[in-house]
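What follows is a short report on a single structure.
The values are calculated or read from the model by the stated rules, or taken from the named source; none is laboratory data. Note that the coordinates shown come from a computational prediction; the quantities given were computed from them, not determined experimentally. Methodologically, a virtual Cβ is constructed for each residue, glycine included, from the backbone with ideal geometry; neighbour enumeration extends over all protein chains shown.
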Amino acid sequence: MKRLRILQVGDIHFPWSENVAPRADFGTSPDNISVVSSSLKTPGVALNKLAASIRNICDPKPDLVVFVGDFTVKGDPDNLDKAVKYCLNGLLKPIFSQEEISERVLFVPGNHDVTRPVEGSTDPYEKFETYRLAMENNGITNHSTRNFGRVTVPVSGSTVSALGINTCLGCGEFRALPSKLRTAISEAINGYHIPATAPKLIEDVSEIAEQLDMPLLDRKDIDGLDVELTGIHGKSPIIVGHHNLLPQKETRVLPYGELINSGVLREVLATKDYPVLYLHGHIHSDPIELIRDPLHHDGGILSISAPMITDGVNIVDLYLDADLEPIGVDIIPWRFSPTLQLVRNRSLRISMAHGENRLASLPEEARRIFRYLVHAGDAAHRHLSQLSDELGLDIDLIARNCEALSWAGLVHVANAHKSPPKWDIRLAI
């Protein structure tokens, strides 16, 4: 069994995040925010302290780092450049070489990273030019703008693919709205005469336009993603986007809150014959969701949301079988205390191995252990040392295969916190 460690970094929203501390009670309301103490109010100090804390948990180095978008608040060139430099100088360069950054780090744009307004443009990607330039001027090419971002991580002589997708195509414009509504809104906003002496009014109208965004993924990208996933034959596909695939758990009457063609994307991801890991941000909270199609028993989506960077980050340990198909993940939430210290919250283990082939995909030793337990009866349980004696197998080999059986949901390790010889192994089905 192989492990791939992923650092998932959520929305940054520079420069707003410079002087904001984590939410004190880790609630889900975006309005429940506390300002940092006076000692941290110098611009940049809070973010630098966050970066130092995040670096401290990156030992060993993550195999993959993903930034899930919304680097800025308004997508302006100056703040995009500063946000990218913060990611590089504060988080990445102290840990990775430039070559490793190119090979291990994936960026995707968020709805706040587009340049507004887009007057008369016929190119739906033009609004990402400021974001693209900010990335490329700082040496980043895996920015997932017009084409998929792509990182290929070496794992035990083979590779694992991570793809970044742009879910923000409809942001900053109204072309995805019904034509009558689009025309009426455009005429109303364009006809709204704002005196130059009223900058706050200009900002308010801009905010109205932003809330009428219709985020979507280009259909050609969805079709291309389908081809990509078919081509990699289930070798641990990792997809990174900004938007959530399911409606948010908190009701927000704002159209830009949801990806309008997420149903098509869910269908592509959930109907493969292997599970897919989807990592995103956008909603400023951290739900974990399993999405499955009952007609595709071996597939499904495990969707993990990152909190805002001011609340913390996720470490996602992805475990793979010998064929590099996903077995499961350990999700380790690291969350900031009010003093900006990272605290490890309780981790969550989720199996991604399910369906009819979960036993057949395991090593012969694992199948032998399972058959032995089945033959012993449903009530049977064994300490791992007993299994080693009874089956004549090395205790380390037994431990590795019992762990694989546990990931597959076939056995339960009742006291996994103890040393392996004291593990109590029981059938889980």
Going through S121, S158 one at a time, which residue ends up being modelled with pLDDT under 90, within 21 Å of P215 (Cα to Cα) and in the same structural domain as P326 (by TED's automatic domain parsing)?
S121
Of the residues that make up the stretch 316-325, is at least one under 16 Å from K2 (Cα atoms) and among the small types (G, A, S)?
yes
Out of the residues in the stretch 272-297 that are modelled with pLDDT under 90 and within 19 Å of L225 (Cβ to Cβ), state the one that is surrounded by the fewest Cβ atoms within 10 Å (Cβ to Cβ).
D273
Of all residues making up the stretch 312-335, the number that are without any contact (Cβ under 8 Å) to a residue 40 or more places away in the chain and of a type in the set (D, E, K, R)
1
Residue pairs meeting the criteria (Cβ under 9 Å; at least 6 apart or on separate chains; first outside the structural domain of V313 (by TED's automatic domain parsing), in the stretch 66-85; second modelled with pLDDT of 95 or more)
none
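Which residue is farthest from the chain's Cα centre (by Cα), if the candidates are limited to the stretch 283-324 and must be part of a loop (DSSP other than H, G, I, E, B) and of a type in the set (A, V, I, L, M)?
Among those that are part of a loop (DSSP other than H, G, I, E, B) and of a type in the set (A, V, I, L, M), it is L295.
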Would you confirm whether any residue within the stretch 258-275 is in a strand (DSSP E or B) and among the hydrophobic types (A, V, I, L, M, F, W, C)?
no
Yes/no for S262 being under 19 Å from G110 (Cα atoms), in contact (Cβ under 8 Å) with a residue 12 or more places away in the chain, under 12 Å from the mean Cα position of the chain (by Cα) and assigned by TED's automatic domain parsing to the domain that holds I57:
no
Given the conditions (1) of a type in the set (A, V, I, L, M); (2) closer than 26 Å to I54 by Cβ; (3) touching a His at 6+ places or on another chain (Cβ under 9 Å), every one holds for L373 apart from (2)
Give the number of residues within the stretch 44-85 that are surrounded by 17 or more Cβ atoms within 10 Å (Cβ to Cβ), aliphatic (A, V, I, L, M) and more than 23 Å from H242 (Cβ to Cβ).
1
